[in-house]
Amino acid sequence: MAILRILHILFGVFVAGYYMFAVPILLPRLKRLGPAIQGPVMQALMPVLTPVMMVSAVVIVGTGIAMTLILRPGNLGTLFTTGWGWAIFTGFILTLVIIVLAFGVIIPTGLRAQKLARVIQGRPPTPDEVKQMGKLSAQVETASNVNFVLVVIVLLAMLLARYFPS
Ligand code: HEM
């Protein structure tokens with residue numbers, strides 16, 4: 001249980017830390033510096049960030065489910081009858097939403113934006129390309145903002161769960 005807890009918290013803090021640093025601080029600053037800087041920085045980050053986030057998601061969900069089964073052996077019904085259970089269940093569902101947004105929207109849309117940036121490189125973009133780039137960036141920004149809020153809610157649910165009736 002101690003090992004599951006350590007892995008869960010370490011990887012959880014890592015993902016939550018990324019969103020808490022990137023969404024309010026890093027991404028707005030990069031946006032302000034303009035595409036000439038934002039593009040290469042994101043291009044350098046993505047190949048590292050994507051696999052690290054994938055491993056983190058698997059470890060967090062795996063250890064989270066394992067801890068739930070250990071703490072509530074054969075009695076998952078209490079997930080819906082206790083405050084502790086509702087906190088963990090809500091955290092679990094919101095984590096799934098975060099994963100879908102990260103791997104279904106943020107990463108694929110970010111990759112499409114990078115591909116477009118490579119096509120444009122070395123010449124002024126056409127009005128259509130500017131419009132398309134704006135749309136892709138807005139999608140990444142919105143999904144990242146939503147994930148930031150969800151990560152904070154999951155973190156609060158997990159941290160407060162033990163103080164709710166169990
Ligand atoms: C981004 C996602 C997540 C983050 C940041 C996160 C974070 C945390 C943290 C910091 C704790 C320690 C709380 C404490 O010791 O007071 C915790 C505990 C726990 N988490 Fe998560 N977690 C996440 C997702 C999940 C998922 C998907 C599950 C699956 C059911 C889960 C199940 C649990 C359980 C069972 C505990 C132990 C609660 C207790 O000891 O009462 N977590 N989590």
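The values are calculated or read from the model by the stated rules, or taken from the named source; none is laboratory data. None of the values given here were measured: they were computed from a predicted structure. Every residue, glycine among them, receives a Cβ derived from its backbone with ideal geometry; neighbour counts consider all protein chains shown. Surface accessibility is based on the protein's heavy atoms, side chains included, excluding ligands, DNA and RNA. Shrake-Rupley method; radii C 1.70, N 1.55, O 1.52, S 1.80 Å.
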Count, please, the residues in region 12-43 that happen to be in a helix (DSSP H, G or I) and either over 11 Å from the mean Cα position of the chain (by Cα) or polar (S, T, N, Q) (or both).
21
Just to be sure I understand, how many residues within region 114-166 are within 16 Å of the ligand (Cβ to nearest atom), in contact with a Leu (Cβ under 8 Å, 6 or more places away or on another chain) and open to solvent by 60 Å² or more (accessible area, probe 1.4 Å)?
2
Collect the residues in region 64-113 that are modelled with pLDDT of 85 or more, open to solvent by less than 50 Å² (accessible area, probe 1.4 Å) and of a type in the set (S, T, N, Q), keeping them in residue-number order.
T68, T82, T95, T109
Suppose we filter region 32-43 for residues that are open to solvent by less than 70 Å² (accessible area, probe 1.4 Å) and either hydrophobic (A, V, I, L, M, F, W, C) or modelled with pLDDT of 95 or more (or both); how many remain?
2
Among the residues that make up region 47-58, is at least one of them more than 13 Å from the ligand (Cβ to nearest atom), among the aliphatic types (A, V, I, L, M) and more than 30 Å from K135 (Cβ to Cβ)?
yes
May I ask you to list pairs of residues, at least six apart or on different chains, whose Cβ atoms are under 6 Å apart, with the first in region 1-19 being farther than 12 Å from I60 by Cβ and open to solvent by 70 Å² or more (accessible area, probe 1.4 Å) and the second being of a type in the set (A, V, I, L, M) and more than 6 Å from the ligand (Cβ to nearest atom)?
M1/I70
Subset of region 61-81 [more than 6 Å from the ligand (Cβ to nearest atom) and either among the β-branched types (V, I, T) or more than 14 Å from A161 (Cα to Cα) (or both)]:
G62, T63, A66, L69, I70, P73, G74, N75, L76, G77, T78, T81
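Condition (residue is touching a helix residue (DSSP H, G or I) at 6+ places or on another chain (Cβ under 9 Å) and free of Cβ contacts under 8 Å to residues at least 40 places away in the same chain) applied to region 81-88: is it met by at least one residue?
Checking region 81-88: not a single residue is touching a helix residue (DSSP H, G or I) at 6+ places or on another chain (Cβ under 9 Å) and free of Cβ contacts under 8 Å to residues at least 40 places away in the same chain.
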